[in-house]
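One structure below.
Bear in mind these aren't lab numbers, they're just calculated from the coordinates by the rules spelled out. Just so it is clear, the model here is predicted, and its values are computed rather than measured. Cβ placement follows ideal geometry from the backbone for every residue including glycine, while neighbour counts extend to all protein chains displayed.
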Amino acid sequence: MSVKESHEILINEESDKLIEQDKIIKSAKDSTENNGIVFLDEIDKISARTDRVGGDVSREGVQRDLLPLIEGTTVSTKYGPVKTDHILFIASGAFQLAKPSDLLPELQGRLPIRVELDALNSEDFIRILKEPDNSLIKQYKALLKTENVDLEFTEDGINTIANIASEVNSSVENIGARRLHTIIERVLDEISFTATDRAGEKITVDSKYIKDNIGELVKDTDLSKFIL
Amino acid sequence: MEKSNVTSFPKGKIAKEKTTIANSLSPREIVSELDRFVVGQNKAKRAVAIALRNRWRRQALEDDMKDEVLPKNILMIGPTGVGKTEISRRLSKLAEAPFVKVEATRFTEVGYVGRDVEQIVRDLLEIAIAMEKVKKRKEVHAQAQKLAEDRVLDALVGNKASVATRESFRKRLRDGDLDDNEIEIAVSESNQMPSFEIPGMPGANVGMINISDMLGKSMGQKPKKKENVSQRISRNFNK
C-alpha cells in the first residue's frame with residue numbers, strides 16, 4: 001500500500017496499543033449508565049389493542065419485558081453488569097389506533113413526560129424545504145451541481161410543492177414530511193434523468209413547471225394513492 | 001476524561017471530568033441547535049432539552065443525592081413524519097452520549113416474543129465503547145503519529161539505516177514527497193472474535209471473549225496478516 005494509505009492504518013494500530021482496553025470499558029460502562037439514551041420507536045405498536053384478538057403474539061409481554069429495563073435493573077453483558085437506572089428512555093409513537101392509555105399502567109407511569117408533536121401543515125412544509133441546514137432543496141441543488149446544472153426554486157415553486165404535499169397528505173394518507181421527498185422526486189424526475197446531458201444549463205423550478213409535471217396526479221386521488 | 005494517569009478512578013471524579021462542550025449548552029441553546037435541523041415542534045424540543053440538561057445537572061450532584069435522581073423518561077406522541085425520530089437523532093449528536101434507537105416492534109415478531117430486550121443495553125454499551133475508543137484515540141494521536149511514522153520509516157529504509165538517512169527520509173515523509181510510494185507493512189487483522197449467544201442465557205457469550213486479546217497481549221501483538229506486498233520503494237530510493 002502507499003505511504004499515504006498506510007498512515008491512517010498505522011496510526012489506528014499504534015494508538016490501539018497505547019490505549020488500555022480495560023480503562024475504555026470502564027469509562028464506557030460509566031457513560032452508558034449515566035449518559036445513555038435509548039430511543040424506543042413505535043411504542044404504540046406494542047400496546048394491546050382490544051379490537052384485535054388472536055393470531056397475534058402477545059404485545060403486552062413485550063411491555064412487561066421493557067418495564068424493568070426502564071425502571072432500572074442490572075443487565076449482564078460480556079463486559080460485566082450494567083445498571084440501567086439512569087439511562088434516559090425516550091419513547092415515541094404515532095398513537096393513531098392505540099392511545100397512550102392503552103399501554104400498561106406501569107409503563108405509562110414510567111414515561112412521565114408527555115409531549116405532543118403537531119401534524120404538519122403547508123406552512124411547516126415551506127419552512128422544512130427552506131430552513132434546515134441541509135434542507136431537501138439544498139440537497140437537490142447540490143446534487144445537480146455535480147452535473148454542472150444550476151437548479152433554482154422560485155418562491156412560488158416552493159409554495160406549490162408545500163401545498164401539494166399537504167393536499168396529498170390530507171386526501172390520501174398523512175405521512176408527514178416524508179411526502180415532500182416523494183413529491184420533489186417526482187417533480188425533478190425529468191431533470192434528474194437528463195441532467196448529465198444538460199451541463200451548464202440553468203433550470204428554474206416554478207409553480208408552472210411543477211404543475212406541468214405532477215398537476216394531473218394530484219387531482220386524481222386514485223392515481224396519487226399509487227404514485228405520490 | 002482528559003489524560004489522567006491515576007490508576008484508580010474515583011467515581012465522582014470521572015463525572016466531574018466529563019465536562020464536554022455540550023455541557024455548556026443551556027436548554028435554550030439545545031433548542032436552537034435543534035432548530036437548525038427540525039422545524040417547529042417546540043414542545044418536544046423543550047422536553048428533550050430539559051431532559052438532557054437534567055442529566056448534566058445530575059452529574060454535578062453529591063454522590064448520595066445523585067443516585068436518587070432518576071431520569072424523567074419522555075413519551076413523544078405525534079403522527080408519522082413530524083420529526084420525532086429526527087429530534088432524537090440530532091439530540092444524540094448534541095449530547096455526545098451513547099445512543100441507540102430501537103423499534104419496539106422488533107420484539108413482537110413471531111418467534112421473537114420478548115426477545116431479550118436486554119440486548120438494547122448491550123448495544124448501548126457497545127456504542128459507548130466505540131465512542132470511548134474514538135475519544136481515547138484522539139488523546140494519544142500525537143504519540144501514535146510518531147510511532148506510525150517510525151514504522152513507515154522502518155519500512156522505507158530498514159532499521160539498519162544510519163540516523164542521517166533516516167532523518168532525511170523523515171523530512172521527505174513529512175513534506176509528503178513519499179506519499180505515493182508503495183511500502184510493505186505488517187498489520188494485525190481486526191480481531192473480531194466470532195461471538196454467539198446461547199438462547200435463554202443472556203450474556204452467555206462471556207466465555208468467548210477476548211481470547212485473541214489475551215493471546216495478543218501476552219505475545220506482544222504479533223502481526224497476523226501481511227497486506228499488499230509490493231516493494232518497489234527500496235529500488236527507487238536506494239540511490
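Extension gain A:LEU67-A:PHE193, at 0.36 nm per residue separation less the Cα-Cα distance, in nm?
40.3 nm
Counted by Cβ distance under 14 Å from A:LEU88, the other residues give a net charge of +4, where Lys and Arg count +1 and Asp and Glu count -1. Given R0 = 45 Å, the distance between the Cβ atoms of B:LYS138 and A:ASN148 translates into a calculated FRET efficiency of 0.75. FRET efficiency for the pair A:GLU20 and A:PHE226, taken as 1/(1 + (r/R0)^6) with r the Cβ-Cβ distance and R0 = 56 Å, rounds to 0.45. Whole-Hz Karplus values for the stretch B:139-155 come out as 4, 8, 4, 4, 5, 5, 4, 5, 5, 5, 4, 4, 6, 5, 5, 4, 5 Hz, taken residue by residue from phi with 6.51 cos²θ - 1.76 cosθ + 1.60 and θ = phi - 60°; glycine and proline positions read x.
Near A:LYS138, which aspartates and glutamates are there with a Cα under 16 Å away, not counting those fewer than 8 places off in the same chain? Within the straight-line limit of under 16 Å, A:LYS138 reaches these aspartates and glutamates: A:GLU147, A:ASP150, A:GLU152, A:GLU155, A:GLU185, A:ASP206. Exposed loop sites here are trypsin sites (Lys or Arg not before Pro) assigned a DSSP state other than H, G, I, E or B and surrounded by at most 16 other beta carbons within 10 Å; excluding them, the longest clear run of chain A is A:53-228. Site pair B:ALA130 and A:THR204 shows an inter-label distance of 4.7 nm when each label is modelled 7 Å from Cα along Cα→Cβ.
The local environment of A:TYR209, defined by Cβ-Cβ distances under 11 Å, has a net charge of -3 under the rule Lys, Arg +1 and Asp, Glu -1. Taking 0.36 nm per residue of sequence separation and removing the Cα-Cα distance, the A:THR182/A:GLN108 pair yields an extension gain of 23.1 nm. Phi angles across the stretch A:60-77 convert, under the Karplus curve 6.51 cos²θ - 1.76 cosθ + 1.60 with θ = phi - 60°, into 3J(HN,Hα) values of 4, x, 5, 4, 5, 5, 6, 3, x, 4, 6, 6, x, 8, 10, 9, 8, 10 Hz, Gly and Pro given as x.
Using the Cβ-Cβ distance between B:ASP154 and A:THR74 with R0 set to 51 Å, the FRET efficiency works out to roughly 0.60.
Relative contact order of chain A, taken over Cα pairs closer than 8 Å and 6 or more residues apart, is 16 percent.
Within a Cβ distance under 15 Å of A:LYS130, other residues only, what is the Lys/Arg minus Asp/Glu net charge? Counting the neighbours of A:LYS130, the net charge comes to -4.
Peptide A:65-73 has a mean of 3 when you count, residue by residue, the C-beta atoms of other protein chains within 10 Å of its C-beta.
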